[in-house]
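The values are calculated or read from the model by the stated rules, or taken from the named source; none is laboratory data. Bear in mind the structure is a predicted one, so any value in this text is a computation, not a measurement. Cβ sites come from the backbone with ideal geometry, for glycine too, and all protein chains shown count toward neighbours.
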């Protein structure tokens, strides 16, 4: 079981874009706190840069300063088609039960070596069709945590001594006001991470990678 917790592309197995012998890469997205800081002007700035770089497909979707669910789906389809034409497969697709928004999936290199050429081919598709649109959408779209997961996580936190308001609806709310203290994860944040890590595979056995962004 792989837990994904960061937005770095080529890092260890516990990373959001984890790499295995079959080049399994997952969707990357921003944390909940970014939703309040990312503005329409920021998205338009992304569109301008994309247009200057010749990445017109994403630029056209972002130029109005927002990303709709339909645009997110369209971008994913274009990204998927780009990958499959290069011999990759999309594997283990799911919508994140943590936020109800982010697409989680693997990119299988079908037995090829995970060398620079293979990475470059995947990155070409990702940069042309998927990022930064995926990040912008994940940061701004309303979050909808699965209700069963939310209730189970609340119960787990309560058992550990953290009684949270019943109005808690996004992962960041489980972490407390100061999840990082001098760069070190707080006890509450560690507890929340453990609760979700233990609960997700029980409720969603088919979900093999997930995002816990904080």
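Just one of 118, 84, 114 is over 30 Å from residue 40 (Cβ atoms) and free of Cβ contacts under 8 Å to residues at least 12 places away in the same chain; which is it?
Among 118, 84, 114, only 84 is over 30 Å from residue 40 (Cβ atoms) and free of Cβ contacts under 8 Å to residues at least 12 places away in the same chain.
Checking residue 59 against (1) in contact with a helix residue (DSSP H, G or I) (Cβ under 7 Å, 6 or more places away or on another chain); (2) without any contact (Cβ under 8 Å) to a residue 24 or more places away in the chain; (3) within 30 Å of residue 148 (Cβ to Cβ); (4) part of a helix (DSSP H, G or I), which single condition isn't satisfied?
Result: residue 59 passes all but (3).
Which helices (runs of 4 or more DSSP H) does the stretch 118-214 wholly contain that include 2 or more residues that are surrounded by fewer than 17 Cβ atoms within 10 Å (Cβ to Cβ)?
Because the criterion is at least 2 residues that are surrounded by fewer than 17 Cβ atoms within 10 Å (Cβ to Cβ), the helices (runs of 4 or more DSSP H) in the stretch 118-214 that meet it are 147-159, 187-203.
Residue 112 is checked against (1) at pLDDT below 95; (2) not in a loop (DSSP other than H, G, I, E, B) and fails just one. What number does that condition carry?
Only one criterion in (1) at pLDDT below 95; (2) not in a loop (DSSP other than H, G, I, E, B) is unmet by residue 112, namely (2).
Of the numbered conditions (1) at pLDDT 80 or above; (2) under 26 Å from residue 175 (Cα atoms); (3) assigned to a strand (DSSP E or B), residue 3 satisfies every one except a single condition; which is it?
Condition (1) is where residue 3 drops out.
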